[in-house]
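Written below as structure tokens is the structure these notes are about.
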Amino acid sequence: MNNAISTVVSPNFRSSTAADAPAIAALLRDPLGLAPGHPMAEPIHLHWKYWEPHPNWAGSRSYVYLQDGQIVAHGAVIPNVCLWRDQRIKVVHVIDWAAKPESGGSGVALMKQIGKLADMIFAVGGSELTQQILPMIGFKECGTTVKRYARPVRPLLRLVNPEYRSWRLAPQVMRGIFWTLTAPSRPGAEWSAQRILPNQLAAASIIWPRPKLGTTVFERSSASMSYLLRCPATPMESFSVHKHGRLRGYFLLAFAPAQARIVDCWIDSDELYEWRAMVQLAVGQAKARAHVAEVASMCSDPLFEAALVECGFHMRHATPMWLRAPSGVARPDATIRFLMADSDEAFLHNGRNNLWA
């Protein structure tokens, strides 16, 4: 893949720079609710998300579409590499996609231009309008379903700084108490988790995900993990997983207001009980933070999903994954293993307690 801007034919499409930040923030303000002071609109977060160097992309990851010299549409990419069979497929997930209503199809034009920068684009979630537009611009459901799961750990914290107040709040708290009391306990003593500091990543010998029969994975590396750990809006911490002192895998936690997220994880095993132990370790680390009301995650592969369910997580939502690829490009015919680290779900929040469970 060549993501140099010279490959793009439209003179109205270009990569953005930090100088465009005010115009981009203004464009995103209404459709995404990014009012001044919103944590996702802070200049330091925009810089990390769009312009800080990324191991899987050269240059800016933010793109704009112009009319009469003015920015009328914007989209940014989260770059990744899909490992499928013996192939390494350059894929992007588009975030912060918005256009001025009066700009006459500029958002669609921008998405098509972004499509020229990678082998494939994938999409998960989005607004109802986005879901309607995707099939109209060449996206197709790929057969992978992404599910949201959550497990309450301090349900009474739902009453503190909630995003919404309604009559549902009391029943939600009671349900959370029941789910908390019926969730399983910690893993056996042979399992342990050890914090990996950012300066220890390169030497940590982490066991990264690899494709297995029936599953495609997104590539991980110490460089991509280091990038996530530098997120300014949502602090993240990485941990190695050990059994009897032997390294078996890792997990990455993100801490949004009142919510800890298992945004990435892997165990070098096909055994459900070992995946369950890893999830229990992650829950234990999350519970050690007094502000955490629930632990959440997203998944698409059946093994991780089964481990979440056995650890007391409850499904809150399911959505299909969409793919857009040029004609003639083979699409993966296996389940694509998607986690929060593969999209902005790893760090997205509005500064309030927007809980799932």
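In the stretch 202-222, the residues that are over 21 Å from Gln87 (Cβ atoms) and buried (at least 18 other Cβ atoms within 10 Å of the Cβ) reach residues that are at pLDDT 90 or above and not aliphatic (A, V, I, L, M) with C-beta atoms within less than 6 angstrom, at least six apart or across chains, in these pairs: Ile206/Tyr250. Candidates Ile114, Ile78: the one that is outside any loop (DSSP other than H, G, I, E, B) and either open to solvent by 10 Å² or more (accessible area, probe 1.4 Å) or basic (Lys, Arg) (or both) is Ile78. All conditions but one from (1) over 19 Å from Ala223 (Cα atoms); (2) outside any strand (DSSP E or B); (3) open to solvent by 20 Å² or more (accessible area, probe 1.4 Å) apply to Val94; the one that does not is (2). With the requirement that a residue be touching a helix residue (DSSP H, G or I) at 6+ places or on another chain (Cβ under 9 Å) and open to solvent by 20 Å² or more (accessible area, probe 1.4 Å), what does the stretch 335-356 give you? Of everything in the stretch 335-356, those that are touching a helix residue (DSSP H, G or I) at 6+ places or on another chain (Cβ under 9 Å) and open to solvent by 20 Å² or more (accessible area, probe 1.4 Å) turn out to be Thr335, Asp344, Leu348, His349, Asn350, Gly351, Asn353, Leu355.
Tallying residues that are over 15 Å from Ala189 (Cβ atoms) and either in contact with a Leu (Cβ under 6 Å, 6 or more places away or on another chain) or free of Cβ contacts under 8 Å to residues at least 40 places away in the same chain (or both) within the stretch 241-258 yields 3. Only one residue in Val283, Val295 is buried (at least 17 other Cβ atoms within 10 Å of the Cβ), of a type in the set (A, V, I, L, M) and outside any strand (DSSP E or B). Which one? One residue alone meets the criteria, Val283. Look at Ala183 and say whether it is open to solvent by less than 60 Å² (accessible area, probe 1.4 Å), touching a Phe, Trp or Tyr at 6+ places or on another chain (Cβ under 7 Å) and under 30 Å from Arg158 (Cα atoms). No. Collect the residues in the stretch 162-180 that are open to solvent by 70 Å² or more (accessible area, probe 1.4 Å) and not in a helix (DSSP H, G or I), keeping them in residue-number order. Residues satisfying the conditions are Tyr164, Arg165, Trp167, Arg168.
Restricting attention to the stretch 33-47, the residues that are crowded, with 18+ Cβ neighbours inside 10 Å and among the hydrophobic types (A, V, I, L, M, F, W, C) add up to 4. A search for C-beta distances below 9 Å between a residue of the stretch 170-199 that is modelled with pLDDT under 90 and any residue that is part of a loop (DSSP other than H, G, I, E, B) and among the aliphatic types (A, V, I, L, M), counting only pairs 6+ apart in sequence or on different chains, returns Gln172/Leu355; Gln172/Ala357.
Taking Leu247, is it at pLDDT 95 or above, crowded, with 19+ Cβ neighbours inside 10 Å and in a strand (DSSP E or B)? So Leu247 does not fit the description; no.
Being within 29 Å of Trp97 (Cβ to Cβ), outside any helix (DSSP H, G or I), modelled with pLDDT under 95 and open to solvent by less than 20 Å² (accessible area, probe 1.4 Å) holds for only one residue in Pro320, Pro332, Pro326, and it is Pro332.
Residues of the stretch 255-268 include none that is over 30 Å from Arg29 (Cβ atoms), open to solvent by 20 Å² or more (accessible area, probe 1.4 Å) and among the β-branched types (Val, Ile, Thr).
The values are calculated or read from the model by the stated rules, or taken from the named source; none is laboratory data. Fair warning: this is a prediction, and the values are worked out from it, not measured in the lab. No Cβ is skipped: glycine too gets one built from the backbone with ideal geometry, and neighbour counts run over all protein chains shown. When the accessible area is computed, the model is the full protein with side chains, heavy atoms only, and any ligands, DNA or RNA have been set aside. Shrake-Rupley method; radii C 1.70, N 1.55, O 1.52, S 1.80 Å.
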